[in-house]
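Read the structure below first, then the notes.
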Amino acid sequence: MTPGPAPGDWWRHGVLYQVYPRSFQDSNGDGVGDLAGITSRLDHLNDGTPDSLGIDGIWLSPFYPSPMADFGYDVADYCDVDPRFGTLADFDELLGQAHERAIRVIVDLVPNHTSDEHPWFLEARASRDNPRRDWYVWADPAADGAPPNDWRSAFPAVGRAWTLDRRTDQYYLHSFTREQPDLNWWNPGVRRAFEQILRFWLDRGVDGFRIDVAHRTVKPRELHGHIPVENIPGVLDLMPPADEPELHALLRSWRALLDEYDDRMAVGEVFLFDPARLVSFYGSANDELHLAFNFSFLRAPWSAEAFRRVVATFERLLPKGAWPDYTLSNHDNSRAVSRYAPDGDLERGRKRARMAALMLLTLRGTPFLYYGEEIGMADGPIPPERVVDVGGRDSERTPMQWDASRNGGFSTADPWLPASPEASSVNVEAQRADPDSMLSLYRRLIWSRRSRAALQSGTYRELPGMPADCFGYVREAGTERALVCLNFGSKPIRIPEEELTGAGLGDQLRVISTGAGREGPARGAIELEPDEGVLVEPSTRPEPLAEERARG
């Protein structure tokens, strides 16, 4: 058995996996996934053997009490579990069972806004002089009764980011739906309340937080001006800006709180595509977020140069001591298989997604997987009468596909979103014993990563002289090296033997390929088919890493 990364390094060198609780596993037959369902599937994620994925940590999307206007991101109580998902006892059981398997647990923190049914907001809107009034952002109408400025919400269907509360004749700010009023982070009471929330979960044993919209929490004191949204499809062009100096001070205070506990971390949703601004959320002294989500892969066109540029820029700009991260999909974006499918060709999309998985799991940095990515799930078709999300994100949230039974083994009842018709063939059970399946590829890559210091923590060096359509790089730790070559082009590419020799990998090599049936010893030059990638590494398996032996 090869344990995961050593204490203190787990969030740097492990593989993390996002679970969307509504869609992972339903344990009680009501059509909605729940915490007990997640617990029942932990062995798929990591049972300590290469028959499982080898995941080191899970990020749970919100499971808090909520009216579900934004499917959990409208929180009505930050310190409890919505009955749809179970109880605090169910959470404790999940946490304990995960820790027994060396799986860390990260929970979602939603600090930008609450539900309009949160007790804080119910008090705040009761009267203008209520003690909690200033916990939210309020403004008087303009002279003609219109909102105080032209800020727009993130969801185009909502429109303006202001809703008039007729009981008190003031507008309240909401960056998202009108059921999600924005908190006022200039109020010290809000700050103290969230410090208590953080400690509630840390004391319970959670290993960290994913911070929702971490880049926009603190609004400017003066409600004027705006920042343009950076070409986000479907989002209107004006949104409330953040007061970044105060926001960075807030993140530093949270980092200091986390540092009071052993081995905890925070990763922020920083939905910015200016790399210099993105890396600023690590802090100039690496004292803010442990990781800032880099979403650039979600936008990059399918080309070697595009992905090469993203990695080179991130590596160049990161503050000293900071650690990169990458992801291919999440609950807000189309799945990689569908995004990479030219003209809707899912077979080609899956071929490309296999190569993208190889890249994700071998770059320097923390990889974040989205549930179902390991079996090549595509966006599920949603009939118009089944659409439920105001943001149009249902297709990437369809139920996990476990087997070929009804609803893909997710639930015995009608699920909250329809299971994909592909579930009968694209599922965990069908791929478990197939050596050429997407699942088998993920398992080989993750377990290879777990056993090699070069892939877990090694340096990154881009390979010069590669063909234009090929992205090549070397990972190195001490005397151990691994080489990756990715063919983004439409024609075969030949990697000469001297390139392999020059990379200093040694004489006895093996290849892990994203192409079916193309794995084994490396002999001479390597021919890469279109949309094929290879990991070339020493053929001998190293002993478990020293820090892993200490844990095992």
Suppose we filter the stretch 281-298 for residues that are within 17 Å of residue 360 (Cβ to Cβ) and in a loop (DSSP other than H, G, I, E, B); how many remain?
3
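Does residue 315 satisfy the condition of being under 28 Å from residue 104 (Cβ atoms) and buried (at least 19 other Cβ atoms within 10 Å of the Cβ)? Even if it seems obvious, please write down each step before you answer.
Numbers: under 28 Å from residue 104 (Cβ atoms): yes; buried (at least 19 other Cβ atoms within 10 Å of the Cβ): no.
Against the criterion (under 28 Å from residue 104 (Cβ atoms) and buried (at least 19 other Cβ atoms within 10 Å of the Cβ)), residue 315 does not qualify.
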With the checklist (1) more than 26 Å from residue 9 (Cβ to Cβ); (2) surrounded by fewer than 19 Cβ atoms within 10 Å (Cβ to Cβ); (3) at pLDDT below 85 in hand, flag the one item residue 529 doesn't pass.
(3)
Report yes if residue 69 is assigned by TED's automatic domain parsing to the domain that holds residue 266, farther than 16 Å from residue 202 by Cα and either of a type in the set (A, V, I, L, M, F, W, C) or assigned to a helix (DSSP H, G or I) (or both), otherwise no.
yes
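How about the stretch 184-207: which of its residues are among the acidic types (Asp, Glu), more than 13 Å from residue 111 (Cα to Cα) and in contact (Cβ under 8 Å) with a residue 24 or more places away in the chain?
Here is the first cut: in the stretch 184-207, the residues among the acidic types (Asp, Glu) are 195, 203, 207.
From what's left, more than 13 Å from residue 111 (Cα to Cα): 203, 207.
Within the stretch 184-207, just 207 meets the criteria.
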For the stretch 180-194, what are the residues that are more than 15 Å from residue 77 (Cα to Cα) and of a type in the set (Phe, Trp, Tyr)?
185, 186
Residue list for the stretch 508-533, filter: farther than 20 Å from residue 376 by Cα and β-branched (Val, Ile, Thr)
511, 526
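So if I check each of 336, 322, which one is in contact with a helix residue (DSSP H, G or I) (Cβ under 7 Å, 6 or more places away or on another chain), at pLDDT 95 or above and more than 26 Å from residue 389 (Cβ to Cβ)?
322
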Just need a number here: residues in the stretch 410-451 that are under 20 Å from residue 20 (Cα atoms) and touching a residue at least 40 places away in the same chain (Cβ under 8 Å).
16
Residue 192 fails exactly one of (1) closer than 20 Å to residue 243 by Cα; (2) surrounded by 14 or more Cβ atoms within 10 Å (Cβ to Cβ), namely (2)
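Working only within the stretch 299-355, note down all residues that are farther than 30 Å from residue 425 by Cα, outside any helix (DSSP H, G or I) and touching a Gly at 6+ places or on another chain (Cβ under 8 Å).
Restricting attention to the stretch 299-355, the residues satisfying the condition of being farther than 30 Å from residue 425 by Cα are 304-325.
Checking the rest, the ones that are also outside any helix (DSSP H, G or I) come to 318-325.
Hits for the stretch 299-355 are 319, 323, 324, 325.
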Kindly indicate whether any position in the stretch 24-33 is closer than 30 Å to residue 157 by Cα and part of a helix (DSSP H, G or I).
yes
Every residue from the stretch 505-537 that is over 27 Å from the mean Cα position of the chain (by Cα) and under 11 Å from residue 487 (Cα atoms):
527, 528, 529, 530
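Within the stretch 284-294, how many residues turn out to be surrounded by fewer than 19 Cβ atoms within 10 Å (Cβ to Cβ) and either of a type outside the set (S, T, N, Q) or in contact with a strand residue (DSSP E or B) (Cβ under 8 Å, 6 or more places away or on another chain) (or both)? Give the derivation first.
Restricting attention to the stretch 284-294, the residues satisfying the condition of being surrounded by fewer than 19 Cβ atoms within 10 Å (Cβ to Cβ) are 284-287.
Add one more test, that the residue is either of a type outside the set (S, T, N, Q) or in contact with a strand residue (DSSP E or B) (Cβ under 8 Å, 6 or more places away or on another chain) (or both), and what stays is 285, 287.
Result for the stretch 284-294: 2.
Just for the stretch 72-125: of the residues that are aliphatic (A, V, I, L, M) and either modelled with pLDDT under 95 or assigned to a loop (DSSP other than H, G, I, E, B) (or both), which one is surrounded by the most Cβ atoms within 10 Å (Cβ to Cβ)?
Step one: list which residues in the stretch 72-125 are aliphatic (A, V, I, L, M), which gives 75-76, 81, 88-89, 94-95, 98, 102-103, 105-107, 109-110, 122, 124.
Filter again for either modelled with pLDDT under 95 or assigned to a loop (DSSP other than H, G, I, E, B) (or both), leaving 75-76, 81, 102-103, 110.
Details: 75: 27, 76: 21, 81: 20, 102: 20, 103: 23, 110: 24.
The residue in question is 75.
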Restricting attention to the stretch 31-51, which residues are surrounded by fewer than 18 Cβ atoms within 10 Å (Cβ to Cβ) and polar (S, T, N, Q)?
40, 49
One residue from 33, 37 being in contact (Cβ under 8 Å) with a residue 60 or more places away in the chain and within 20 Å of residue 206 (Cβ to Cβ)
33
Test of understanding: among 257, 250, 278, which residue is farther than 17 Å from residue 109 by Cβ, assigned to a helix (DSSP H, G or I) and not charged (D, E, K, R)?
278
Matching option when the condition is farther than 19 Å from residue 370 by Cα and under 22 Å from the mean Cα position of the chain (by Cα), among 44, 99:
99
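The values are calculated or read from the model by the stated rules, or taken from the named source; none is laboratory data. Small disclaimer: the values here were computed from a predicted structure and weren't measured. Reconstructed Cβ throughout: ideal geometry from the backbone, glycine too, with neighbour counts over all protein chains shown.
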